[in-house]
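The values are calculated or read from the model by the stated rules, or taken from the named source; none is laboratory data. Being a predicted model, the structure only gives us computed values, none of them experimental. Here Cβ is always computed from backbone atoms with ideal geometry, including for glycine, and neighbour counts include all displayed protein chains.
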Amino acid sequence: MTEVRFYHLTRRPLLQALPRLLEMTLERCKTAVVRCGDPDQVEKLAEHLWTYDDRGFLPHGTTADGHAEKQPIWITAAEENPAGASFLFLVYGADWPEVSGFERCMLLFDGHDDLAVQAARAQWKRFREAGHTLSYWQQDETGRWVDKAAGGWTRGR
């Protein structure tokens, strides 16, 4: 079964939290699909990943760039995995009905948006019923990720 991680954004917004998670993905020699629930956010997110850090960028692509099968990070609003990525990130309210084709699925949601929290709860229930391994991560006061289900285990920013 797929490991599904829920990331409850409370201190840092998505555009600060997601790049670090994607960096860690590439450090593990994994590839990723980032599915946006809002198609208007695809190119905005892609542009952000080129400029978010003065020291570098995250290699990625969208349909506007082409060569989907060669992209280590593929950003899309569609349910597609053209490069056979092992990690899936769901952002801006995205969903993916069947995640078992991925090693890991990360669902990031805005903890200050009641509709996003309700949607994440519904997804939690559906993924649990499907038998996936679930974990729930929340940001502490410094922005570090704390695994709330594992008794407060902390992971770097």
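Some values worked out for this structure:
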quantity: Residue check for Thr76: touching a Lys or Arg at 6+ places or on another chain (Cβ under 7 Å) and of a type in the set (Val, Ile, Thr); calculated: yes
quantity: Qualifying residues in region 75-115 (those that are without any contact (Cβ under 8 Å) to a residue 40 or more places away in the chain and closer than 21 Å to Leu9 by Cβ) - the one surrounded by the most Cβ atoms within 10 Å (Cβ to Cβ); calculated: Asp113
quantity: Meets criteria (loosely packed, with under 14 Cβ neighbours inside 10 Å and outside any loop (DSSP other than H, G, I, E, B)) for Glu69; calculated: yes
quantity: Search result, residues across region 78-95 that are closer than 20 Å to Glu43 by Cα and more than 12 Å from the chain's Cα centre (by Cα); calculated: Ala78, Glu79, Glu80, Asn81, Pro82, Ala83, Ala85
quantity: Complete set of residues in region 51-87 that are out of contact with any strand residue (DSSP E or B) (no Cβ under 9 Å at 6 or more places or on another chain) and under 19 Å from Lys30 (Cα atoms); calculated: Gly56, Phe57, Glu69, Gly84
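This table checks each residue for (1) modelled with pLDDT of 95 or more; (2) in contact with a Ser or Thr (Cβ under 7 Å, 6 or more places away or on another chain).
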{"site": "Met1", "(1), (2)": "no, yes"}
{"site": "Thr10", "(1), (2)": "no, no"}
{"site": "Lys30", "(1), (2)": "yes, yes"}
{"site": "Val34", "(1), (2)": "yes, no"}
{"site": "Glu43", "(1), (2)": "yes, yes"}
{"site": "Leu49", "(1), (2)": "yes, no"}
{"site": "Gly56", "(1), (2)": "no, no"}
{"site": "Asp65", "(1), (2)": "no, no"}
{"site": "Arg104", "(1), (2)": "yes, yes"}
